[in-house]
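Everything on this sheet refers to the single structure shown next.
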């Protein structure tokens, strides 16, 4: 289930060697507000997006729909300033603690998980 | 980038019709401790795992390595009791708020993101 690294990434080779990618070469990245603990959104990173996130101080994702890098807030102004980045125990998921400017969701809500709570017990 | 639903799922067809799956048919599910806000782990759900999570009160994932359903805590006792389940704005990620019994991580740490913080700015 592990995809290959994409070429031309600036990611530290020691991190790249450990990263376990999904079949599409991507790793899910959870963005969490660093002080309140709110889970803001889930994005996807390839090696280069992770490299840019670690080195630029701004969350950078790979957009699966647009197939391009996407600096969160670049057009909306709703940036995510990176506080910390952690890999999980299996090295196949990332937790990025951020300071979110404004709403995280493109719909204008604070998080992307605010609007669609599913019914339990059915 | 959207996979097909697996057959024989008991998931409500109205939810299944909205769910956007990765190429492997899975959706990433973030498990968060409902009261402290800790992000505990990230697992993967197909339609049937989501159905079981919604109806059984216990988090159920699809194990990509073992290729089988996996009720969290079934062998370890470290269950996740489901408090709420939300889909994100794109219907391609899940946030499951849980009450975690004991450590969430198989390594014995509280969360799967405790041990491997990556260096910034390099």
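The values are calculated or read from the model by the stated rules, or taken from the named source; none is laboratory data. In this text, all values refer to a predicted model and were calculated from it rather than measured experimentally. Neighbour counts run over all protein chains shown; Cβ positions are idealised from the backbone, glycine included.
Things worth noting here:
- Checking the stated criteria, residue B:35 turns out not to satisfy the condition of being facing chain A (nearest Cβ under 8 Å) and out of contact with any helix residue (DSSP H, G or I) (no Cβ under 8 Å at 6 or more places or on another chain).
- Members of the stretch A:20-35 found to be more than 16 Å from residue A:91 (Cα to Cα) and under 12 Å from the mean Cα position of the chain (by Cα), listed by number: A:31, A:32
- Among the residues making up the stretch A:88-102, a single one is over 16 Å from the mean Cα position of the chain (by Cα) and either loosely packed, with under 14 Cβ neighbours inside 10 Å or under 17 Å from residue B:88 (Cα atoms) (or both): A:102.
- Within the set B:52, B:58, B:21, the sole residue that is closer than 18 Å to residue A:24 by Cα and more than 11 Å from chain A (Cβ to nearest Cβ) turns out to be B:21.
- Residue list for the stretch A:91-106, filter: at negative phi, at pLDDT 95 or above and in a loop (DSSP other than H, G, I, E, B): A:92, A:93, A:101, A:103, A:104, A:105
- Residue in the stretch B:79-87 that is more than 18 Å from residue A:88 (Cβ to Cβ) and assigned to a loop (DSSP other than H, G, I, E, B) present: yes
- Of all residues making up the stretch A:95-122, the number that are touching a strand residue (DSSP E or B) at 6+ places or on another chain (Cβ under 6 Å) and more than 15 Å from residue A:37 (Cα to Cα): 3
- Tally, over the stretch B:81-119, of residues that are in contact with a helix residue (DSSP H, G or I) (Cβ under 9 Å, 6 or more places away or on another chain) and either free of Cβ contacts under 8 Å to residues at least 60 places away in the same chain or more than 7 Å from chain A (Cβ to nearest Cβ) (or both): 8
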